[in-house]
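The next block holds one structure in the form of structure tokens; read it before the comments.
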Amino acid sequence: MQLKSDDMKKVAYLTILCFVLLLAGGCGGDKSVRQLPHLGDTPYQQDSVLVVYATNPERALILLDSALLLGNISEYRAQFIRAKIYSKSLEKQNPDSAIIICETLLCHDSVRNEPSEQENIYDMLIATSRVKHDDEAYLHWATQKATLCQQQGEDTERWRTEADIGLVMTFLGRVDEGLDKLDEAISHLDAPGSIDRMDAFIVAVKRKINALNELHRDAEVILLAQRILDRLDHYEQHSKDYAEDSYRLSWSDNPTDRDRYLDYCRAQAWAFMAQAYALNNERAKAEDYLLLFNQSGYGKTFMARRMIASTQMALGMYDEALTTYDEMECRMAGDTLNDDYAVILRSRAVAAYSKGYQAEAYDYQRRYANLSKALSDSLHASEAHDYAARYHAQEQQLMIHEQQAVAERLHIISVAIAVLALLAIVFALYFFRQKRVVTEKNRALVRMINEQSQQLAPQALPMKEEQTDVFLSVDTAIRTERLFANVGLQRQDICDKFSISRHALNDLLSEHTDGLSFPQYINNIRLEEALCLLRDNPEMTVSAIASEVGFMPANFREQFKRRYGVTPAEFQKLRKKM
């Protein structure tokens, strides 16, 4: 059977790839020759990649490329796993690559309509932002995920994520708000019943411990770590009461996973307690919990040693801590422009100083100071580069959209102009119509007031036929002698002037003014006089007219409007427009 040209190329490529893999495997500590399985039973599957991605990212990338080449994994899934591998790397550029891949995947068709895929990508973005110490991005992606979980009714996962939000709020200086959110999440999750809720509860408690460590509130950490241990003990004693409803944790098929999980959570709680006691200068208790941690399965892993190194430093166990830092430096492979290496330099300076190596301590401290400045400069440069890259990408996309949208914008503008023009015409017509109506109403009101004043001018008060000489004398005197212009005019003043009693004056007013009281009678005369002055003397001010007729200005305005329906100032304006 003859092979086609494409098949021959594929076989040749696979042969070269297998040879490279054999060399890569032989470069490690194991010198034995390993036989690769047949390609029909290939280990280059998704599961094989995920088994090693956290401990050996480089090996995982090789397996991933092989699985993609053989068609054992889709392009989308390969990109997702590649981002997952990058997010675990200590090299600075790889987490950045992971974020770029994840942001691209969020626009993928396989993600837009699949909430579970969106959650997975948000999880990776949250974890990567945490590794990069990018708190703003951390808060953004955690908020996005919490909203998605709430929409999907995933209550447990929502509160697990709310704990992340609370933690990052404390990092951003919103301490009270962040701690309240952490307490709220812990409260919602603090109830046995499912493995998933137990895990979410432990995660929320650990997030609050991280926040308290940042705030140096070590005494509170001990109580929280004990709550983790209590929950794990409760689970072991009542495991049948916990439903296995979690996609994160399921060990029904492999009970050893359960033991590893319990060992991992207990070891971390012991580590928290050891550190808190060490910082509180309770050395004996710190050493007890450190011993428990070291005896655990998780305590022997690299990540565990890295976690406990700061506690070892606090206890003066410098050799053990420096051993961990040596291993971290080895894994960094020369990539030392990062916060982890800054911690290593500072810890080495402390260890050297404690051992009496002053010159060495000074050198480490100087390198630490230089690195801290370089990290600050690098952060600004990295942010600027990231903004520039995003800007250029968006600029290109905007140019494409701009070309496609020019015609649409012009159409929208022309329609908007036409609508605005129509609205302007309608508004103008309405405005002029309303103005005309108001003008006609005002003119009618002024005419009515003028007619009323003209009717009253010859004879100020409507008199009955049986008017007496006494009332005519009183009324005429008040008007002609302008007695009403006296602001302090009293009833007794009139009685004294005409030698009549108060009772007689009241009877006259009751008979000839339709029952008006003396103040009402005088105010009517004043208002009539004021109306004449307003009509015949447009140059006079309202205040001057008020004084002229015996009113206080404020009282004049109120009395005038009550009788004529407009204020004195409004009447003047209406008169001028006629």
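Tabulated values for the structure
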| quantity | calculated |
| --- | --- |
| Which numbered condition residue 487 misses (of (1) assigned to a helix (DSSP H, G or I); (2) touching a residue at least 24 places away in the same chain (Cβ under 8 Å)) | (1) |
| Inter-residue pairs, beta-carbon under 6 Å, first touching a residue at least 12 places away in the same chain (Cβ under 8 Å) and of a type in the set (Asp, Glu) and in the range 525-536, second open to solvent by less than 20 Å² (accessible area, probe 1.4 Å) and outside any helix (DSSP H, G or I), 6+ apart | 528/460 |
| Top-ranked residue of the range 329-343 - restricted to ones that are in a helix (DSSP H, G or I) and touching a residue at least 60 places away in the same chain (Cβ under 8 Å), ranked as most open to solvent (accessible area, probe 1.4 Å) | 331 |
| Filter result (part of a helix (DSSP H, G or I) and out of contact with any helix residue (DSSP H, G or I) (no Cβ under 6 Å at 6 or more places or on another chain)) within the range 295-305 | 295, 300, 302, 303 |
| Restricting the range 230-241 to residues that are touching a residue at least 40 places away in the same chain (Cβ under 8 Å) and surrounded by fewer than 16 Cβ atoms within 10 Å (Cβ to Cβ), the residue that is farthest from residue 289 (Cα to Cα) | 241 |
| Complete set of residues in the range 497-510 that are in a loop (DSSP other than H, G, I, E, B) and surrounded by fewer than 14 Cβ atoms within 10 Å (Cβ to Cβ) | 499, 501 |
| The range 344-370 - residue that is open to solvent by 20 Å² or more (accessible area, probe 1.4 Å) and touching a residue at least 24 places away in the same chain (Cβ under 8 Å) and, of those, farthest from residue 300 (Cα to Cα) | 368 |
| Elements of type helices (runs of 4 or more DSSP H) in the range 72-142, at least 1 residues being more than 25 Å from residue 203 (Cα to Cα), in contact with a Phe, Trp or Tyr (Cβ under 9 Å, 6 or more places away or on another chain) and open to solvent by 20 Å² or more (accessible area, probe 1.4 Å) | 93-105, 109-112 |
| Within the range 308-328, considering residues that are outside any helix (DSSP H, G or I) and in contact (Cβ under 8 Å) with a residue 12 or more places away in the chain, the one surrounded by the fewest Cβ atoms within 10 Å (Cβ to Cβ) | 316 |
| Residue count for the range 286-313, restricted to those that are more than 14 Å from residue 263 (Cβ to Cβ) and modelled with pLDDT of 90 or more | 7 |
| Subset of the range 162-181 (residues that are in a helix (DSSP H, G or I), in contact with a helix residue (DSSP H, G or I) (Cβ under 6 Å, 6 or more places away or on another chain) and either more than 26 Å from residue 236 (Cβ to Cβ) or open to solvent by 40 Å² or more (accessible area, probe 1.4 Å) (or both)) | 162, 164, 165, 166, 167, 168, 169, 170, 171, 177, 178, 181 |
| Of the criteria (1) open to solvent by 50 Å² or more (accessible area, probe 1.4 Å); (2) farther than 24 Å from residue 218 by Cα; (3) in contact (Cβ under 8 Å) with a residue 12 or more places away in the chain, which one residue 302 fails | (1) |
| Subset of the range 141-163 (residues that are without any contact (Cβ under 8 Å) to a residue 24 or more places away in the chain and touching a Ser or Thr at 6+ places or on another chain (Cβ under 8 Å)) | 141, 146 |
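Residues are listed down the side, and each one gets a yes or a no for (1) modelled with pLDDT of 95 or more; (2) touching a Ser or Thr at 6+ places or on another chain (Cβ under 9 Å); (3) open to solvent by less than 60 Å² (accessible area, probe 1.4 Å); (4) of a type in the set (Gly, Ala, Ser):
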residue: 192; (1), (2), (3), (4): no, no, no, no
residue: 209; (1), (2), (3), (4): yes, no, yes, no
residue: 218; (1), (2), (3), (4): no, no, yes, no
residue: 243; (1), (2), (3), (4): no, yes, yes, yes
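Table: residues versus (1) under 40 Å from the mean Cα position of the chain (by Cα); (2) among the small types (Gly, Ala, Ser).
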{"position": "278", "(1), (2)": "yes, yes"}
{"position": "282", "(1), (2)": "no, no"}
{"position": "298", "(1), (2)": "yes, no"}
{"position": "323", "(1), (2)": "no, no"}
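The values are calculated or read from the model by the stated rules, or taken from the named source; none is laboratory data. Keep in mind the model is a prediction, meaning the values are calculated, not measured. Backbone-built Cβ (ideal geometry, glycine too); neighbour counts: all protein chains shown. The protein model used for the area step is the full one, side chains on, heavy atoms only, and it has no ligands, DNA or RNA in it. Shrake-Rupley method; radii C 1.70, N 1.55, O 1.52, S 1.80 Å.
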